[in-house]
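Take a look at the structure below.
The values are calculated or read from the model by the stated rules, or taken from the named source; none is laboratory data. Just so you know, these numbers come straight off a predicted model, no measurement behind them. Cβ sites come from the backbone with ideal geometry, for glycine too, and all protein chains shown count toward neighbours. Accessible surface is based on the protein model in full, side chains and every heavy atom, while ligands, DNA and RNA are left aside. Shrake-Rupley method; radii C 1.70, N 1.55, O 1.52, S 1.80 Å.
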Amino acid sequence: MEVVKALPFIVFFSYSKCESLQTSLLHAARQHVSGQDHLEENLGVSVSIMVAQFLQDAAYDQVQTIAKELLNLAEKCKRLKRESPSECAHQLVAAFLTHICNNQGLLNSHVFTDCCKMKTAARLRCFLSYKKDDADSHDTPLIPRPELTCEVAEENNVSLKERFSYEISRRHPFLYGPTILTMSACYETAVQSCCQEENKTECLRTKLEPIRKYIRGISARHHHLCEIGTKFNEKVASAVELILLTKKQPQANFPEIAKLTMDVKNLHETCCEGNTLACALGRRQLMSYTCSNQAILSSKFAECCEQPEPFRGECIINSENDDKPDLSPLLLTRFTEDWSVCQQFSSNQDSFLQEFLYEYSRRHLELAVPVILRVFETYKRVLEKCCKLENSLECHQPGKAPQLSAQELVVFVKKMAAVARGCCPLRDELQLACVEDQTKLILGELCRRHGGKPVNAGVGHCCDDSYAFRKPCFDDLRVDGTYISPPLSCDQAISLEEDLCQAQDEELQMEKQKLLSTLVKQKPHAAEDVFRSIGENFVQLVEKCCQAQRRDVCFQEEGLQLITRCQSLLEASSSQSRLM
């Protein structure tokens, strides 16, 4: 059984399709009337976000105290509007890390002792390695008791925005600072609005839920982008950025996309290093450039560019892709049939490959990033092989992966484990891209898990070998022949309690998946229909017994029958496997 089949799919929260969040952003933008510069107004919050993301266990008051001590240096950084903020920003982070190292006893942060022995870049990498994105596995509400929010805000006169940003930062240490500032402003506006309503609790739940879901989804993406930059070489990170920018702005010319790719990649590196202030400065510069040049970049930015900070940036990032230009397919033949392909490839390989990636991406807006990367990697390998030969043109002409239609590419990546529930309602031509998009995040999480506690050599190979071909590698992953399962019988695997009657459909499915996961580990070579049969029997049993007058008796009697069927099925499948 392929490993991916046991993985749950995470449905990413779509900003563009969530009317309630759009309303929240627009409403917050209208309420955001201030004569102050946004960065100056939120300087303290920006620095406290950085502190909270590095010191996730620190109390709110501790975070605020440390942030205030760093504000003098931050004041200098905020004045860097046209120059690069990198030098000052690095000084700010260096000063912060030195402060931690000099006050480990006070902050109870002895965990960083090894990091404090290092210098400069190595020290920063060490600190970053201690960040734990535990929110990936805990879907807890940000505000456990929303009905108390208005009372706390009124009684303690606390800054809702600062407190919210603190909670978000420590739960999502890789979430970019500007996004936290934006969501905090939306949260503050929502709370102020709801506290005027008669049914405050219901209003808060309705308005805060889309904000929570958006944060969870975008945080997973930010973390994934940061991992690409650290796990693979910078060319992979640049290729991902170029594809994303081209898909969003397919009518922009190649020089503009190439420039933006470099700017965005540098910005991501800064944000991933945890320097909130530099990240905020960099995003402001990038969005200012984008809005000043929207006429040559995209027709979809107009409404976003009318919004003030911090809403402008988040709006542009989540805006829909520009309309696909009318492009001739013949232009792509120069990458496969032109006699000078190898000459161009040899003389300026990076630029030539970037332009190919740009031309292919803008013609296939419907394809997910990993799919385009696979085409790109395949094309690159063909040129590396063919350009060494005497008849190079004849060799690389058959290598027309770039000319494949979307339907042919579907066949290329057909071995999908399952289809994410949120992708199924989409049009046929969008489903593949949607599933690919979700799967890359899931596999990223699996590889992160493998990095902390290795699964097996096969998983390690798929995680480390190639980002572009990571999913096909997992699709082809076979049973680990070295794995020896601990002895376990069906009566130990199947737990039937009356509590299952109170479980929601989603919880019941989770129990079914746990059962199947346990059985797969026991009998990895058994046929899939064996496990499917046991899973269906389990659900049917629960439904039957929950409607019975004597639930306890039903669970006991029916449970024994299910255990017997389970044991015989597994024993029969094991016998067949041995015969084969």
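Condition check for Trp339 on (1) open to solvent by 50 Å² or more (accessible area, probe 1.4 Å); (2) hydrophobic (A, V, I, L, M, F, W, C); (3) part of a helix (DSSP H, G or I): one failure, at (3). Taking residues in segment 220-236 that are in contact (Cβ under 8 Å) with a residue 60 or more places away in the chain, and partners anywhere that are open to solvent by 10 Å² or more (accessible area, probe 1.4 Å), the pairs with Cβ atoms closer than 6 Å and at least 6 places apart or on different chains are Ala220/Leu441; His223/Asp133; His223/Phe174; His224/Leu441; Ile228/Ala237; Phe232/Tyr467; Val236/Tyr467.
Among the conditions (1) in contact (Cβ under 8 Å) with a residue 40 or more places away in the chain; (2) crowded, with 21+ Cβ neighbours inside 10 Å, the only one that Leu245 does not satisfy is (1).
Out of curiosity, is Leu260 open to solvent by 10 Å² or more (accessible area, probe 1.4 Å), closer than 30 Å to Val371 by Cβ, without any contact (Cβ under 8 Å) to a residue 40 or more places away in the chain and touching a Leu at 6+ places or on another chain (Cβ under 8 Å)?
On the way: open to solvent by 10 Å² or more (accessible area, probe 1.4 Å): no; closer than 30 Å to Val371 by Cβ: yes; without any contact (Cβ under 8 Å) to a residue 40 or more places away in the chain: yes; touching a Leu at 6+ places or on another chain (Cβ under 8 Å): yes.
In short, no.
Close contacts from segment 49-77, counting a first residue that is charged (D, E, K, R) and a second that is in a loop (DSSP other than H, G, I, E, B) and open to solvent by 10 Å² or more (accessible area, probe 1.4 Å), with Cβ to Cβ under 9 Å and a gap of 6+ residues or different chains, come to Asp57/Asn108.
Go through segment 284-314 and report how many residues are touching a Leu at 6+ places or on another chain (Cβ under 8 Å), modelled with pLDDT of 90 or more and not hydrophobic (A, V, I, L, M, F, W, C). Of the residues in segment 284-314, 1 are touching a Leu at 6+ places or on another chain (Cβ under 8 Å), modelled with pLDDT of 90 or more and not hydrophobic (A, V, I, L, M, F, W, C).
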